[in-house]
Amino acid sequence: MDRRDFCKLGLTATAMSALNVAPAMAAGFEVTRTTAEWKAMLTPLQYKVMRQEGTERAGSSPLDKNYSDGVYHCRGCDLALYSSKTKYDSGTGWPSFWKSLPNAVRTKDDRKLLRLRTEVHCRRCGSHLGHIFDDGPQPTGKRHCLNGVSLVFRSA
């Protein structure tokens with residue numbers, strides 16, 4: 001169940017917040033936290049991006065230009081999400097990958113900008129990572145355009 005489902009039930013984001021229910025808690029994720037717990041562990045920008053599906057400013061993440069060998073993990077639950085082997089410079093100003101690790105992410109439709117996009121989240125805690133576009137390199141043709149604040153890099 002996502003926020004849209006709560007809205008259908010008459011529960012708005014404000015009502016969910018008043019009930020201290022974080023959206024990912026309602027979605028049946030393995031790792032759940034209250035709104036207060038998320039806010040205590042994340043900076044305001046991290047919270048805005050990861051829990052409210054915001055976006056960091058392009059070019060602001062040092063992970064965009066990081067090409068060391070290793071694995072990118074979810075800041076929210078430490079799940080391994082992306083290998084540095086699938087990272088590339090997309091020129092967008094955000095860390096970009098052509099493939100996630102197996103069973104690492106979930107996607108959903110995003111129509112916030114009046115066009116359909118594919119939003120990508122951590123499959124374990126529901127943290128918002130970014131979006132997936134169809135303009136990436138082969139072999140997948142996908143560009144997982146991610147917010148660096150949602151990620152933690154662990155070198156190999």
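The values are calculated or read from the model by the stated rules, or taken from the named source; none is laboratory data. In this text, all values refer to a predicted model and were calculated from it rather than measured experimentally. All Cβ positions, even for glycine, are placed from backbone atoms using ideal geometry, and neighbour counts span all protein chains on display. To get the accessible areas, we keep the full protein, side chains included, count just its heavy atoms, and leave off ligands, DNA and RNA. Shrake-Rupley method; radii C 1.70, N 1.55, O 1.52, S 1.80 Å.
Need pairs with beta-carbon distance below 7 Å; first residue more than 16 Å from ARG123 (Cβ to Cβ) and without any contact (Cβ under 8 Å) to a residue 40 or more places away in the chain and within segment 28-42, second among the aliphatic types (A, V, I, L, M) and not in a loop (DSSP other than H, G, I, E, B); sequence gap 6+ or separate chains.
What qualifies is LEU42/MET50.
Taking the stated definitions as given, is LEU81 touching a Phe, Trp or Tyr at 6+ places or on another chain (Cβ under 9 Å) and modelled with pLDDT of 95 or more?
Criteria met by LEU81.
Restricting attention to segment 130-142, and to residues there that are farther than 19 Å from VAL152 by Cβ and touching a His at 6+ places or on another chain (Cβ under 9 Å), which single residue is most open to solvent (accessible area, probe 1.4 Å)?
In this case the residue turns out to be PHE133.
Within segment 44-59, count every residue that is surrounded by 14 or more Cβ atoms within 10 Å (Cβ to Cβ) and touching a residue at least 60 places away in the same chain (Cβ under 8 Å).
Of the residues in segment 44-59, 9 are surrounded by 14 or more Cβ atoms within 10 Å (Cβ to Cβ) and touching a residue at least 60 places away in the same chain (Cβ under 8 Å).
So how many residues does segment 120-156 have that are under 18 Å from TRP38 (Cβ atoms) and either at pLDDT below 95 or of a type in the set (Lys, Arg) (or both)?
Qualifying residue count for the region: 2.
Just to be sure before I move on: is ASP64 buried (at least 16 other Cβ atoms within 10 Å of the Cβ) and either assigned to a strand (DSSP E or B) or not basic (Lys, Arg) (or both) in the structure I sent?
Yes.
Mind checking which pairs have a first residue in segment 77-97 that is under 9 Å from CYS145 (Cβ atoms) and touching a residue at least 40 places away in the same chain (Cβ under 8 Å) and a second that is of a type in the set (D, E, K, R) and in a strand (DSSP E or B), Cβ under 6 Å, 6 or more apart or different chains?
Cβ pairs passing all conditions: SER90/ARG143; SER96/ARG143; PHE97/LYS87.
Could you list, in sequence order, the residues of segment 104-156 that are within 17 Å of THR86 (Cβ to Cβ) and small (Gly, Ala, Ser)?
ALA104, GLY130, GLY136, GLY141, GLY148, SER150, SER155, ALA156 - these are the residues of segment 104-156 that are within 17 Å of THR86 (Cβ to Cβ) and small (Gly, Ala, Ser).
Which pairs have Cβ atoms under 6 Å, sit 6 or more apart or on different chains, and link a residue in segment 105-123 that is closer than 14 Å to ARG143 by Cα to one that is open to solvent by 80 Å² or more (accessible area, probe 1.4 Å)?
Filtered contacts from segment 105-123: THR118/THR107; VAL120/THR107.
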